[in-house]
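Below is one structure, written out as structure tokens; the observations come after it.
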Amino acid sequence: MKIHFRRYEKEDDYWRLRDFLRQVFLLNDRRERSWHVARLDYARIQGCMNENVGMEKFTFLWEIDNQIVAMIMAEGGFGNAHPSVHPNYRTPELEEELLATAEKHLVAVKPDGSCSLQVWAPDRDQMRQKILIQHGYRKDEWPEHQWRRSFDSPITEVPIPAGYTLRAQGDGLELLERCYASGLGFHEGDIAVAVENRKDPTWYHNLQNAPLYRRDLDLVAVAEDGSIASFCTIWFDDTTRSAYFEPVATVPVHQKRGLGKALLTEGIRRLQRMGATTAFVGGQNPAANALYKSVMGSDFELYEPWIREWKTK
């Protein structure tokens, strides 16, 4: 059977990609050896909707008899590529084609004309790694630790730090405060970034309109003065009974008080009541990974970046 390649074209492709990722995720024994469906949703929000860029610019797919068997997509802009392949159709030839497509359409071009591309691969994916090495890629720094927790084990009680309240996020002015806290949490307390982040909450409304968004899983830790000190959003997919934490952050002045651990644990408790069997969160720095290990346990796999840089002729 011939595999047909094409660019992402229309809204229906988005829903078909979501179904494809769910199938692959289950075939991979609920391991993140391909994107979780929530990651596609989040990439669409952050990299496309919030930047007013269509998914067709960054997304390509392969089909057999109108069934998607592979996809590749950039996350957050040019210069990176994330492949996901159906295990029943996976071959070195298809992996080569995905890589060639990424090198043609997803590279970052610098002002001097040089090109760079970062392709991501699970640490246990020897086929993809071998192909990347053959094409001159080298393993880059800062792999993503994909922490995974099964809900078979009991949930350890974590006390809520004194002076804080944990609950689902409110609306109205609190949504603006959540935007402000996001700016502080991801930009080392930079007030200017936080203020800019709060000016237009459209980006957060896009997040709230995502298919898997639930207000009762959009959690915040609120300080006594009413400010949001820490937050995490959880995406629960009841089709695969799995969940994905993204984003997770604590405002710098409230860090090292156990807020992140308390929020994540509360999220796991809520997920367990909903019937979830597995939860995931990704970390790339030592502080985040220490937090996630304390809550998720020691089960993780690495999702590694492989980079190549070259000059155009």
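Scanning region 254-277 for residues that are of a type in the set (A, V, I, L, M, F, W, C), more than 15 Å from V220 (Cβ to Cβ) and in contact (Cβ under 8 Å) with a residue 60 or more places away in the chain yields I268, L271, A276. Looking at region 32-43, which of its residues are of a type in the set (K, R) and either closer than 9 Å to F280 by Cβ or at pLDDT 95 or above (or both)? Passing the criteria: only R39. Checking each residue in region 126-160 for being touching a strand residue (DSSP E or B) at 6+ places or on another chain (Cβ under 6 Å) and in a loop (DSSP other than H, G, I, E, B) picks out G136, Y137, D140, P143, I160. Taking each residue of region 34-54 that is outside the structural domain of S182 (by TED's automatic domain parsing) and looking for partners that are of a type in the set (S, T, N, Q) and crowded, with 21+ Cβ neighbours inside 10 Å with beta-carbon atoms closer than 8 Å, six or more apart or interchain, yields S34/S84; W35/S84; H36/S242. With the condition kept exactly as written, say whether any residue in region 111-124 is outside any loop (DSSP other than H, G, I, E, B), outside the structural domain of A223 (by TED's automatic domain parsing) and among the charged types (D, E, K, R). No, because not a single residue in region 111-124 is outside any loop (DSSP other than H, G, I, E, B), outside the structural domain of A223 (by TED's automatic domain parsing) and among the charged types (D, E, K, R). Return yes or no: is Y244 hydroxyl-bearing (S, T, Y), within 21 Å of the chain's Cα centre (by Cα), in a strand (DSSP E or B) and within 30 Å of G136 (Cβ to Cβ)? Here the answer is no, as Y244 does not meet what is asked. When region 72-125 is filtered for residues that are closer than 18 Å to P305 by Cβ, at pLDDT below 95 and out of contact with any strand residue (DSSP E or B) (no Cβ under 8 Å at 6 or more places or on another chain), only G76 remains.
If you filter region 175-193 down to residues that are within 23 Å of the chain's Cα centre (by Cα) and not in a helix (DSSP H, G or I), you find that the one that is surrounded by the fewest Cβ atoms within 10 Å (Cβ to Cβ) is E188. Scanning region 52-106 for residues that are among the hydroxyl-bearing types (S, T, Y) and buried (at least 18 other Cβ atoms within 10 Å of the Cβ) yields T59, S84, T101. Kindly evaluate V109 against the criterion of being of a type in the set (A, V, I, L, M, F, W, C), in contact (Cβ under 8 Å) with a residue 24 or more places away in the chain and either touching a Phe, Trp or Tyr at 6+ places or on another chain (Cβ under 7 Å) or buried (at least 16 other Cβ atoms within 10 Å of the Cβ) (or both). No; evaluated as a whole, the condition is false for this residue. Exactly one residue out of V69, V53 is in contact with a Gly (Cβ under 9 Å, 6 or more places away or on another chain) and among the β-branched types (V, I, T): that is V53.
Residues in region 161-174 that are assigned to a strand (DSSP E or B) and surrounded by 15 or more Cβ atoms within 10 Å (Cβ to Cβ): Y164, L166. Summed over region 194-229, residues that are within 30 Å of R22 (Cα to Cα) and assigned to a strand (DSSP E or B) total 3.
Scanning region 228-245 for residues that are within 19 Å of E144 (Cβ to Cβ) and either of a type in the set (S, T, Y) or surrounded by fewer than 20 Cβ atoms within 10 Å (Cβ to Cβ) (or both) yields a total of 3.
The values are calculated or read from the model by the stated rules, or taken from the named source; none is laboratory data. Keep in mind that this is a model prediction, so the values were computed, not measured. For neighbour counting, all protein chains shown are included, and Cβ atoms are generated from backbone atoms with ideal geometry for every residue, glycine included.
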